[in-house]
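Engineer: Quick one: the structure is below, and I'll ask about it shortly.
Taken together, the values in this text are just the output of simple stated rules run on the coordinates, not laboratory data. Quantities reported herein were computed from a predicted structural model and do not represent experimental measurements. Reconstructed Cβ throughout: ideal geometry from the backbone, glycine too, with neighbour counts over all protein chains shown.
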Amino acid sequence: MIPHPPAYHRPADHRPVDVVVTGVSATTAWGRGAEATLDAAVRGEPAFATVRRFDVGGRRVKVAATLPGQPDLDDELTGTINDAWHRAGLTARHREGVPLLLAVHGDPAGARAAEPVTGAGRLAAQLAGRSGFGDARAYTSACVAASTAVADAAAMLRQGLADRVMVAAGYLVDADQFALFDAGRALAADGQLRPFSAGRKGLLLGDGVAAVVLETDRAARQRDAPVLARLAGWGRAGDGYHVCRPRPDGTGLARAVEAALKRGGISADQVGYVNAHGSGTPHSDAAEAAGLRLALGPAADRIPVSSTKSVHGQALEASGLVELVVTVLALNRGVLPVNAGFLGPDAACALDLIVDGPRSVRPEYALSVNVAFGGANTALLVGAA
Amino acid sequence: MSQPLDLVAPTVLDLAADAGLRVLAVGAWPLADDGELPNLAGFIESSFSPLVAQTAERCLRARYGAPPADPARGERTALVLASTSGDVTTAVRVARAVDDGARVGPLLFFQSVPNAVLGHVAARWELTGPLLSLASTRDAFPATALLIADGDADEALVILAEQDRDDPGRDRAVAVLVQPVATSAAAVDGDPVPAGLDLLAATPPTATEPPYAVPTGPVAAAAEPDFAAPVTPAGPMTSTELMTPAEPAELVVPAPPDEPDEPAAVEVPDPVNRPGGDEK
């Protein structure tokens with residue numbers, strides 16, 4: 001079992017441990033490895049197309065962002081984890097005892113098994129065992145599952161419970177979730193996901209599988225590891241408002257962002273980019289804009305914002321990790337992704353949206369924000385390496 | 001590693017203590033006199049969310065009497081749901097409807113996500129700490145201790161719930177309100193017995209079976225995708241593939257109280273103003 005902190009201990013050395021990112025990988029409809037996804041995000045080209053993976057004949061909306069064929073979630077997770085681990089300069093023997101934090105909905109075949117299960121815990125345990133990692137923990141809190149896992153990994157590292165943590169997440173567009181989102185009228189009938197745009201009509205689902213290696217700065221330096229970015233801060237808060245709608249004034253989201261900035265020891269005007277949750281849902285985008293404006297203050301007028309869901313779709317439990325990877329790579333490349341699908345401004349979403357093309361900027365800090373049903377809010381603060 | 005805990009309240013108290021957490025209040029389902037689980041408005045066909053809500057309600061009532069929670073504490077109270085079974089009934093219902101080509105009820109949409117019932121509890125009791133949902137009851141207290149030590153919450157409502165996919169009569173859950181032991185040492189109220197524990201005394205322990213077995217033998221190696229192979233990107237949609245633009249329908253959930261009402265095809269009572277209910 002992943003150890004817990006001893007009862008309220010205060011470390012003797014009060015210098016906070018730096019958390020760094022040493023390896024990343026992400027797979028979306030645009031391909032594997034993450035560069036293809038960043039390329040598409042920089043171009044602002046959406047991957048939405050008619051779903052061929054399963055029958056959508058009975059659905060109102062028939063579109064998603066998917067890889068071709070019938071990818072297997074276990075295989076994709078294994079591959080993405082191996083890719084990130086390799087890019088971090090780590091080998092198989094380094095995996096022993098390293099915790100695996102996994103964000104997933106569940107076993108895709110579980111509901112149809114002879115003895116049905118949801119199976120998220122089993123999937124995580126088997127993946128960890130097969131891949132040579134230590135104990136596994138499965139996060140199932142929907143669209144904040146991945147970002148929550150990242151925050152927990154950072155907390156573990158900062159509290160001295162581990163030197164290195166593997167965070168992974170995966171969602172492949174499936175018939176059941178598609179049917180649920182379609183029945184809930186959440187999918188965009190015009191076939192585009194238009195974050196913060198006038199005329200936005202909802203979200204679209206997308207494949208997302210990602211893996212991120214997080215370490216203490218000391219552990220990374222000890223092996224001369226490539227440091228892609230620092231995880232400078234994180235924050236989480238709840239709306240306490242509704243089963244699925246966000247608080248319209250954005251106060252829950254604002255508290256999460258403020259906590260991330262405080263952990264990072266920076267002020268709002270030091271943030272150079274926000275990778276927003278931006279699901280293209282009418283009320284959710286407005287609430288998020290309100291939250292960002294509240295947390296960032298006057299700086300919100302000039303901090304560039306984009307939601308890359310506009311090119312890779314909403315990958316549910318994996319979205320937060322895909323978006324973190326894209327944010328880390330964008331900072332390294334010095335180019336900020338486009339907020340695609342934009343038709344025109346919405347007064348309720350007064351943000352500096354990146355709509356005319358990518359911006360060649362290398363910010364010192366960037367925020368990645370995620371929101372989920374039940375009023376869950378997370379914010380991750382990424383610092384340039 | 002991920003087998004469900006025996007959800008016996010005294011065991012849960014021990015496990016919380018092992019993680020450095022003190023239990024302030026406890027609630028559980030079922031108790032000796034319990035009949036059927038009360039329905040939870042807006043949640044259908046599955047006992048999972050009603051189970052979570054009812055158990056949470058008992059714990060919070062034991063602590064606070066009636067909603068909302070003490071504002072000073074509620075703002076810093078996280079909600080943690082840990083379940084090995086998850087809402088397996090909803091998952092099976094949806095799969096069946098999809099395979100049969102039958103209509104999928106819109107209400108199943110948000111209840112298929114564990115956060116939704118946590119959002120209900122959070123709204124009702126005005127708890128605005130972080131939400132956390134885990135797939136193993138064994139992770140509940142270590143993860144809660146980690147979250148509180150990290151600093152975004154001072155207390156947590158931790159709900160351990162297991163749904164029996166065949167027999168709702170065997171559903172079981174325990175909810176505890178916890179805070180770190182060190183905080184308690186400085187607390188003014190020195191009563192060491194968690195509120196609500198007396199109600200549990202008469203409940204006999206229930207047998208627990210793991211819902212699955214972790215494989216012990218060698219597992220076939222995964223077929224990793226070829227990361228070097230380029231993936232043909234999805235092409236732009238042709239005009240025939242575009243949906244006929246239709247007036248978008250808002251998610252069919254009525255607005256919370258301070259928003260203007262929107263037309264809803266399905267009635268979902270506002271959870272914040274839901275009557276107190278008739279639980280014991």
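Engineer: For segment A:232-361, what does the alpha-carbon gyration tensor say about shape, rounded, prolate or oblate, given a ≥ b ≥ c as the root eigenvalues, a/c under 1.5 as rounded, and a/b over b/c as prolate? Mind showing how you got there, number by number?
Structural biologist: Details: a/c = 1.32, a/b = 1.13, b/c = 1.17.
Judged from the Cα gyration tensor, segment A:232-361 comes out rounded (a/c under 1.5).
Engineer: When N is the residue count of segment A:300-383, what does its C-alpha Rg come to as a fraction of 2.2 N^0.38 Å?
Structural biologist: Numbers: Rg = 12.8 Å, N = 84, 2.2 N^0.38 = 11.8 Å.
Compactness ratio reported: 1.08.
Engineer: Ranked highest first by the average count of other Cβ atoms within 10 Å around their residues, in what order do A:334-343, B:128-137 fall?
Structural biologist: Values: A:334-343: 23.2, B:128-137: 29.3.
Top of the packing list down: B:128-137, A:334-343.
Engineer: So what J values fall out for segment B:18-35 if you push phi through Karplus, 6.51 cos²θ - 1.76 cosθ + 1.60 with θ = phi - 60°, rounded to Hz, Gly and Pro as x?
Structural biologist: 4, 8, x, 10, 9, 8, 8, 7, 9, x, 8, 9, x, 9, 3, 8, 5, x
Engineer: Going by how many other Cβ atoms sit within 10 Å of their own, how do B:T89, B:T55, A:T281 line up, fewest first? Could you put the intermediate results ahead of the total?
Structural biologist: Working: B:T89 23, B:T55 29, A:T281 26.
So the residues, fewest neighbours to most, are B:T89, A:T281, B:T55.
Engineer: Work out how much length A:D249 to A:T91 would gain on full extension: take 0.36 nm times their residue separation and subtract the Cα-Cα distance, in nm to one decimal. Write out the running numbers ahead of the final one.
Structural biologist: Numbers: separation 158, 0.36 × 158 = 56.88 nm, distance 4.70 nm.
Taking 0.36 nm per residue and subtracting the Cα distance, the gain is 52.2 nm.
Engineer: Please build a GNM for chain A, connecting alpha carbons under 10 Å apart, and tell me which residue among A:C349, A:C244, A:C143 fluctuates the most.
Structural biologist: Answer for the Gaussian network model of chain A: A:C244.
Engineer: Could I ask something else about it? Which whole-Hz couplings ³J(HN,Hα) result when phi for each residue of segment A:54-67 is put into the Karplus expression 6.51 cos²θ - 1.76 cosθ + 1.60, θ = phi - 60°, listed in order with x for Gly and Pro?
Structural biologist: Karplus-based 3J(HN,Hα) across segment A:54-67 equals 8, 6, 10, x, x, 8, 6, 10, 10, 10, 7, 10, 10, 5 Hz.
Engineer: For a footprinting-style exposure proxy, rank A:K309, A:K262, A:K62, A:K201 by other Cβ within 10 Å, fewest first. Before the final figure, lay out each step's value.
Structural biologist: Values: A:K309 32, A:K262 14, A:K62 20, A:K201 26.
So the ranking, lowest neighbour count to highest, is A:K262, A:K62, A:K201, A:K309.
Engineer: Output the relative contact order of chain A, whole-number percent, from Cα pairs under 8 angstrom with separation of 6+ residues. Mind showing how you got there, number by number?
Structural biologist: Working: 1014 pairs, mean separation 93.2, N = 385.
After rounding, I find 24 percent.
Engineer: Would you calculate the convex hull of the Cα atoms in segment A:246-288 and tell me its volume per residue in Å³? Display every interim value, and only then the final one.
Structural biologist: On the way: hull volume 3.2 nm³, N = 43.
Considering the Cα atoms of segment A:246-288, their hull volume per residue is 74 Å³.
Engineer: Tell me, what is the FRET efficiency for A:S267 and B:D14 to the nearest 0.05, using R0 = 41 angstrom and their Cβ-Cβ distance as r?
Structural biologist: On the way: r = 45 Å, r/R0 = 1.09.
Efficiency, rounded to the nearest 0.05: 0.35.
Engineer: How would A:Y241, A:Y139 line up from fewest to most surrounding beta-carbon atoms within 10 angstrom?
Structural biologist: Values: A:Y241 25, A:Y139 29.
Fewest-to-most ranking of A:Y241, A:Y139: A:Y241, A:Y139.
Engineer: Can you list residues whose amide H is under 5 Å from A:G238's amide H, if they're 5+ apart or on another chain and H is modeled 1.01 Å from N?
Structural biologist: B:G129
Engineer: Scan around A:V274 for amide H atoms under 5 Å from its own, H built in the peptide plane at 1.01 Å from N, and keep only partners 5 or more places away or cross-chain.
Structural biologist: Here the answer is A:V305, A:S306, A:L367, since their amide H atoms fall under 5 Å of that of A:V274.
Engineer: For segment A:143-157, in order, what is each residue's ³J(HN,Hα) by Karplus, 6.51 cos²θ - 1.76 cosθ + 1.60 with θ = phi - 60°, in whole Hz (x at glycine and Pro)?
Structural biologist: With the stated coefficients, segment A:143-157 comes to 6, 10, 4, 5, 5, 5, 4, 4, 4, 5, 4, 4, 4, 4, 5 Hz.
Engineer: Given H placed 1.01 Å from N in the peptide plane, which residues other than close sequence neighbours of A:G233 have an amide H under 5 Å from its amide H?
Structural biologist: A:L381
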